[in-house]
Amino acid sequence: MTEFTPLRHLPQANVFRKGDVFVLFGELFGRGYVNGLIDEARKAGMTIVGVTVGRRDDTGALRALTAEELAEAEEKLGGRIINVPLMAGFDMDAPEGEQNPTEMLSGITLKGWQEEKLDWAAVERCREAGVRRFTSSAAAVMAEVDKLVPEGANVFFAHTMAGGIPKIKAFLAIANRIYKGRGERFMSSRALLDSDLGKLILMNFDEVTANTLKYLIDASAPIRERVTRAGGEVRYTAYGYHGTEILIGGEYQWQTYTNYTQGYAKMRLESIAQAAWVQGVPATVFNCPEIRTNSSDIFVGVELSLFPLLSALKKEGGGAWADEQWRICESLLGEGESLQSLLDTIERYNNDATSAHFRNFAAWPMDNTPELADVMIGTSEAITGLHKDKKALITDHLSHLVLEGAGPLMFHGASEKIGPVLWLNHDIIARQLNALHK
Ligand SMILES: NC(=O)c1ccc[n+]([C@@H]2O[C@H](COP(=O)([O-])OP(=O)(O)OC[C@H]3O[C@@H](n4cnc5c(N)ncnc54)[C@H](O)[C@@H]3O)[C@@H](O)[C@H]2O)c1
């Protein structure tokens with residue numbers, strides 16, 4: 001089990017300056033966590049370089065971006081993108097003439113999926129084919145990145161990849177039930193994990209969410225060696241998730257979203273950073289708070305832990321700026337609704353025996369239960385219903401604040417080389433935000 005190692009100070013160290021290179025390993029989306037880190041790299045005057053996961057054509061084959069897609073992505077990133085597809089996972093990979101896992105499972109149904117059996121030797125051949133494809137593409141990408149790193153420059157590698165849900169129609173329906181279903185529509189995460197389908201999905205999560213950090217570290221070894229030989233420095237960061245301390249009953253307490261099926265892959269990600277650290281490679285996984293992004297929107301209720309950030313802003317010395325955040329959030333609520341009463345609802349939810357039962361760090365990631373789904377999804381829907389406009393939620397505003405706070409903590413925390421795994425809890429996020437907006 002990973003030791004709980006929260007970051008409790010605001011890191012000030014800075015290795016990076018104009019002319020250094022920031023490499024984003026993953027694509028940039030408008031609400032994505034990595035925006036906070038990229039803002040810091042831009043402020044430092046670094047050259048930004050990105051990658052693409054590629055796109056699939058009508059036959060499912062992976063292709064590079066078209067000229068138009070590339071121009072659009074580069075404009076959004078504010079830097080050059082190496083146009084070699086880096087889609088991770090093996091759900092669409094197979095040795096020549098064999099079926100890929102998506103094809104193997106194309107016939108599953110919402111009724112029969114639990115009985116579906118896979119040929120594990122064939123799955124393993126697909127995994128190997130996927131890893132071969134990814135690692136050779138990663139080597140090609142890094143050879144291009146190498147040309148963009150001037151002699152004497154430092155390099156920051158930011159890993160942001162996570163995912164791996166295969167595009168199997170019946171599975172998307174199953175996922176909807178596991179993450180969004182309650183009452184009649186509830187589905188047990190344990191049933192999924194015990195099935196062959198679930199085991200395959202966990203393997204794919206490992207590949208996309210965890211092993212890609214290892215492939216990045218390996219593929220960039222020539223760059224790392226050249227940079228360090230010239231007296232420069234490299235850093236690697238990745239985004240983890242392993243629960244977050246938030247204010248409950250006026251104290252910071254660790255809690256988690258349940259069921260976080262990707263948790264096993266996130267623990268593997270931690271162990272990859274730990275192994276690299278031991279080898280002298282400064283890689284840090286920053287376990288970050290729950291926010292709403294393109295990737296997390298499927299997890300209904302994941303956003304509930306965001307609300308107490310407002311209390312943390314006050315507790316951590318917040319002044320006029322923190323008051324302004326309260327005012328902005330209150331203004332998003334419908335006529336007659338108060339922010340304080342919403343926070344009271346969250347406090348009751350967190351103190352409810354059903355949700356409190358899941359505050360068990362050692363047992364993480366725990367399976368979901370119908371009772372939890374009921375109270376979590378119920379509370380989530382009730383709170384969304386208090387807003388003026390369902391497209392302008394308090395959690396949108398708070399998510400943005402969290403990624404803004406995480407940016408400098410990761411940028412300077414990586415510079416300081418503190419350790420391989422660090423938690424960014426609401427205390428330090430609030431302190432960083434208050435410091436930025438003094
Ligand atoms: N949103 C949260 O609550 C939260 C909390 C803690 C950590 N994180 C982590 O932060 C990181 C960024 O996620 P985000 O929530 O900002 O969402 P996001 O959707 O903006 O980012 C997801 C990233 O994963 C990449 N990706 C997805 N599938 C991939 C595949 N098959 N192969 C290669 N890359 C793939 C995307 O290109 C993108 O860069 C992830 O590692 C995520 O697990 C998120």
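Read the figures in this text as sums done on the coordinates, not as results from a lab. Quantities reported herein were computed from a predicted structural model and do not represent experimental measurements. Cβ sites come from the backbone with ideal geometry, for glycine too, and all protein chains shown count toward neighbours.
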Item checked: In nm, spacing of pseudo-spin labels at residue 99 and residue 173 (7 Å Cα→C-beta vector) -> 1.9 nm
Margin query: So, R0 is 41 Å and r is the distance between the beta-carbons of residue 274 and residue 397; what FRET efficiency does that work out to, to 0.05?
Written below: 0.75
Notebook entry, point to check: So what J values fall out for the stretch 220-227 if you push phi through Karplus, 6.51 cos²θ - 1.76 cosθ + 1.60 with θ = phi - 60°, rounded to Hz, Gly and Pro as x?
Noted result: 8, 4, x, 5, 4, 5, 5, 5
Item checked: DSSP-defined beta bridges in the stretch 157-292 - what % are antiparallel, rounded to 5 -> 40 percent
Item checked: Computed FRET value (nearest 0.05) for residue 226 with residue 59, which takes r as the C-beta separation and R₀ as 51 Å -> 0.85
Next item on the list: Work out how much length residue 345 to residue 39 would gain on full extension: take 0.36 nm times their residue separation and subtract the Cα-Cα distance, in nm to one decimal.
Entry: 106.7 nm
Item checked: Net dipole in debye of the stretch 21-436 [+1 Lys, Arg Cβ; -1 Asp, Glu Cβ; about Cα centre; nearest 20] -> 460 debye
Notebook entry, point to check: Quick one: net charge of residue 403's neighbours, Cβ under 14 Å, K/R +1, D/E -1?
Noted result: -4
Margin query: Testing the spin-label approximation: label points 7 Å from Cα along Cα→Cβ at residue 194 and residue 139. State their distance in nm.
Written below: 4.3 nm
Check: To the nearest 0.05, what FRET efficiency results for residue 80 and residue 18 with a Förster distance of 22 Å applied to their C-beta separation?
Finding: 0.85
Next item on the list: Please name whichever of 384, 205, 243 sits farthest to the positive end of the charge dipole of the stretch 21-436, dipole taken about the Cα centre and charges placed at Cβ: Lys and Arg +1, Asp and Glu -1.
Entry: 205
Next item on the list: May I ask you to compute the full-extension gain from residue 435 to residue 31, defined as 0.36 nm times their residue separation minus their alpha-carbon distance, rounded to one decimal in nm?
Entry: 143.2 nm
Next item on the list: Specify the inter-centroid distance of the stretch 10-30 and the stretch 84-133, based on alpha-carbon positions, in whole Å.
Entry: 35 Å
Item checked: Rounded to 5, percent antiparallel among DSSP beta bridges of the stretch 21-436 -> 25 percent
Notebook entry, point to check: Relative contact order, percent, of the chain when contacts are C-alpha pairs under 8 Å separated by at least 6 residues?
Noted result: 22 percent
Margin query: Could you derive backbone 3J(HN,Hα) for the stretch 401-408 from the dihedral phi with the Karplus parameters 6.51, -1.76 and 1.60 (θ = phi - 60°), listing whole Hz in sequence and x where the residue is Gly or Pro?
Written below: 4, 4, 6, 5, x, 5, x, x
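For residue 117 and residue 297 in the same chain, what is the full-extension length gain: residue separation times 0.36 nm, less their Cα-Cα distance, in nm?
61.8 nm
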Next item on the list: Name the long-range amide H neighbours of residue 84: under 5 Å, sequence gap of 5 or more, or other chain; modelled H, no Pro or chain starts.
Entry: 52
Next item on the list: Putting +1 on Lys and Arg Cβ atoms and -1 on Asp and Glu Cβ atoms, find which of 310, 35, 165 reaches farthest to the positive end of the dipole of the chain.
Entry: 35
Notebook entry, point to check: Taking the Cβ of residue 361 as the center, what net charge do the other residues with Cβ under 15 Å away carry, scoring Lys and Arg +1 and Asp and Glu -1?
Noted result: -1
Item checked: For the stretch 290-336 versus the stretch 372-429, the gap between their alpha-carbon centres in whole angstrom -> 8 Å
